[in-house]
Structure formats: structure tokens, C-alpha cells
């Protein structure tokens, strides 16, 4: 078994004439928290979308746990063990928090129309398992007190955490968080970073998109920096921090240097 | 009683039904069951309601036999609304050609019991349900890749194709239609003939109860949850592991099967069908029933179906203005209750109050 859980192999993604990802190659190691950072429009979310099957890469390939993800449907990729959250929250608004998480848990269930109509034992077993798992995840995320409320009525911070709970319910090997701290106050961000560490401690591998550099420094093991669709740096937080290309991408290059 | 007053009474009635439901949900199991049993009994006696003072004046259908309105209209519309509610209300797929499945069900019974064979109704009915279901799968397989407006247009075409095909194919009785369709078999004192409509009502109402029972099981399962998730956000649902295409196809197939079931009941009752029984307008009315009742709420579909079927007959006293009155009534209901008479509810999770953490943790069990 290779150390790498997921590998992006020379992935290029073009939309018409726009190249959103340009020959991107990096790997996520088992059990690490990898930060994917870069200025706005660098291609971070596109990278996520290629990994989770939302887009098919123009060229190059994605390998997860040793096998290629090419040609798999999105839900199949999720069942393989990649779960994600969304930059702009995409819960099921009229469903309760617990139902949202149970949808995620259903990824590993097999009851279909026949089983539900006949009330087969598997249906009851899976329902009970889904409920318990969902409640435990909500408790773990600290939002179990609002389990019975519609997702749309939850406070913003709860909705963000509910998305993570829903993703965890699919029992992923790799959890991809797309700017989970967006819109959070500094105190909430610190709390969330603690939570991400706790998730990793449970054995999950985490890929974290965040464009707030200072925030990512504390929580990630390694960082990949994207700019204009290209990987411009890879390394530990301290290595990346001192990398002149990264500084230039974030702060811009003075005119006399250009 | 002016129109607006009567409408206000309809909407406030719907509100009190909703409130009654909430109050009942708090009661113990035995209270809820006995209330349900009384309601079911009262509804079995529906054909006799016009004989009851006051109530009779409200429900009566001047100029048309009330039991016939129940069997030819109300039962059919309620069943159809229940089926269409799965497609539109639960899975969120706009189907404008639902009359097609209803026609497939009716024509299957007609062909097998009169036109080309002499099979008994009781055998034709399940075949009709299966054939309609198959029609749903055949229509759904290529079209469910489309979304929203595009799906609506394709299904609209489907409904018309079925009607026009029936109109032009000699094998399907062309425009003259098919007569002498078999009726359901008589059971003891229940004689299914042309004289008494009540046995058909009992059969239809029993069918509705069975359909509701089965649909409830689906709603409270992984299947129902997947449908809801697809309606709320199809992309997010798929990324959370929902096989969206499979569950959309199931919604289509189940909706079609119930539509076909309604068609087979209709054919067995009227014993004569022709393509004019299945106009596009009927699809629109079916959809109106679901939306009026409250898309996504099974009880809403029942109420909506019953009202859309019954109101035009109740307003027959307005003579040639009755369709106008019916239309105004629909518009006003939608103004005052835009979510429908009995809107979709956030699910109450009864078990939450008694939930206790079990020994193994969900996160730990991953290893």
C-alpha cells in the first residue's frame, strides 16, 4: 500500500480557452492534513471538482487508493471514500439536520424500493445504524442540540459544521473541506481548526482549502500552493511561508522587480 | 355565501386540518389509531354523506350522482395525485405528461379484457400497473438526464404521443375507442355493474388506503430520503453518494405505476374509453391537484386531488361559468396558501427525544 492516498497526475483542466488547472501534480499522504492554498481564482475549487468527479479533467488523471477515478460517477467516487463540503453551503435546506447527515450515511446502505416496501430487516437495521451514526456525528461536531431543526433554520456556524458531519457520515478516507472557515470570526476559526485536528486524530486524511494563509499555517502538515492553475510551491508550512514565489503570488511583485 | 367567504372557509379549514394533525401527533399511539379508524370508517361511508343534514348540503353535487362523482372523479384524482406527488412533490421532477401513464393503464385493461383478449379485470389490473411502470422506465431512461423545464417539455410531449397514438392506431381502437371493458369481479353483495357506483367506491378507497400505506413506507426510508435530497439539491445529493439517476427513475416508475393503477380502475368503472378521455388538460389538472394540496405532502395530495375532482361538480349550479369559478377558486387558494392547502412539513423525529448514545462511536467504528 502506497503512502499516498490520492495522487493528481499532470491534471490539466480547460474551460474553452481558459486553463483553470495547468499540469497540476501533487499527492495527499495517508493521515495528513494537507492545505491547498492560493489567491482567489487560483484553481483550488476546480481542483476539488476534478477530484470529486464534478469535472472530467481535460488531460491527466486522478488516482485514489491506487486506482484511477476516471469514468466513475460522482456518487461512486463518494462511495470509494472521498467526501467533501462546499465553499458556499449546500445543505438540503428543508430537511432536518439529522436527515441531512442520514443522507450521507445512506451512501453505505443498500436498502432500495423493495426492501423499504417489505420492511425487510436490513431496512430497519440500516435506519437504526444511520440514526445512531448521525447523532454521534452531530454530537461530535457540537450541534446535536439542533438535530431536529430544518437545516435552513440553523445558524451559519451550525450549517458549516453540519456540512462536515454530513460528509463524515459517508465514512470517507479523505475529507475535503472547501473553505470551511469562510465567514467565521477569528475565535470560531480557532475552534474549527481544533475540530479538524480532532477529525484527523480519528484516522481521516484531510484536504483543506483555505485562502487565509495565517490560518492554515497552524493546522496543516504540508501545504500545496496554487497560483493561476499551477503548483508554485509544496512543502511544510514554514518552507512555504518563506518561498519567494508564494510571497509574490500573495503580495504581488514590486514593479521594479518585474 | 360569497365566493371569497367560501374560499376563506376552505383555507381556514385546511389550516385547522394542519393544526389537527399537529395536535394528534402529540397524542398517544392508541388515540391516534382510533382517530384514524374513525376517519377511515367515515370515509367508507362517504357515498351516503349527501343524506346528512348540513354536511350533505356542502358535499352534494347538483345534477350529477354523488357516488359517480366519487368513483369517476374523486377516487381517480386522489390516486393520481398520490402518484404524481412522488414525482413532483418528493423527487422534484416536473412531469407534465402524467396523463400518459393513466392512459397506458386504462388502455392495457381495455386491450386485454375487450379489444384483443377476454382476460378478467383482476388479472388485467396488475398487468396494467406493470405496463405503466415499464412505460415510466422507458420514458425516464433517456429523459431523466434532463432537468427542470427541459424535462417538463419532454414529458408534455409523451402525454400527447400516447393520446395521438391511441387516436390513430386501429389496433388501439382509434378514435372510436374501446367498449365492453371488463368490470372488477363481484364479491358477495358487492356487485360491480352499471347500476350502483358504490362498490367501485369501496374498491377505489381501499386501493387508496393500500397505496398510502406503501408510500409511507417508502417516504420513511432511504428511498424517501434520497428523493428529498434530490429535490433539495441534486448535485449535492450525488456528491453525498446518492445514485440520483437510479432514484429518479424509481420515482418515475412508481409514479407511473400508480397512474396506471388509477387508469385501470377508471377503465373498469366506465367500461368504455376513447382518446378524448386523456387530454393534455387532464395532466394540467393532475398537477394542479398536487400543487393545490401541497406538493411533497401525501395528505395534501389526497385533499388536493379530492377538491380538484369534486369542485367542478359542486359548482355545476353556475352552469357554463363553473369552469371559471373553479379557476378563480384555484387562483385564490394559491394566493392565500402558496405552499398548498397542507404544505410539506419538516419531518418530526420522534425518536430524537429518547435517543441515547450507543456504546461504539460512529467515528471510531471506521477503523
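The values are calculated or read from the model by the stated rules, or taken from the named source; none is laboratory data. Keep in mind that what you see is a predicted model, and the values were worked out from it rather than measured. Note that we place each Cβ from the backbone using ideal geometry, even for glycine, and neighbour counts take in every protein chain shown.
For residue B:172, the conditions (1) closer than 24 Å to residue B:269 by Cα; (2) at the interface with chain A (Cβ under 10 Å from one of its Cβ atoms) are fulfilled apart from (2). Would you call residue B:284 over 25 Å from residue B:14 (Cα atoms) and modelled with pLDDT of 90 or more? The answer is no for residue B:284.
Entry remark, the range B:177-225: residues being on the phi > 0 side of the Ramachandran plot and surrounded by fewer than 19 Cβ atoms within 10 Å (Cβ to Cβ) number 2 in total. Please go through the range B:208-267 and give me each residue that is more than 11 Å from chain A (Cβ to nearest Cβ) and free of Cβ contacts under 8 Å to residues at least 40 places away in the same chain, ordered by number. Matches in the range B:208-267: B:210 only. Once the range A:121-161 is narrowed to residues that are in a helix (DSSP H, G or I) and more than 12 Å from chain B (Cβ to nearest Cβ), the residue that is farthest from the chain's Cα centre (by Cα) is A:121. May I ask you to verify whether residue B:173 is farther than 24 Å from residue B:69 by Cβ and modelled with pLDDT under 90? Here the answer is yes, as residue B:173 does meet what is asked.
When you scan the range B:44-54, do you find a residue that is in contact (Cβ under 8 Å) with a residue 24 or more places away in the chain and surrounded by 20 or more Cβ atoms within 10 Å (Cβ to Cβ), even just one? Within the range B:44-54, one or more residues are in contact (Cβ under 8 Å) with a residue 24 or more places away in the chain and surrounded by 20 or more Cβ atoms within 10 Å (Cβ to Cβ).
Screening residue B:152 against (1) free of Cβ contacts under 8 Å to residues at least 60 places away in the same chain; (2) part of a helix (DSSP H, G or I); (3) more than 19 Å from the chain's Cα centre (by Cα) leaves a single unmet condition, (3). For residue A:117, the conditions (1) more than 7 Å from every other protein chain (Cβ to nearest Cβ); (2) touching a helix residue (DSSP H, G or I) at 6+ places or on another chain (Cβ under 7 Å); (3) over 16 Å from residue B:229 (Cβ atoms) all hold with the exception of (1).
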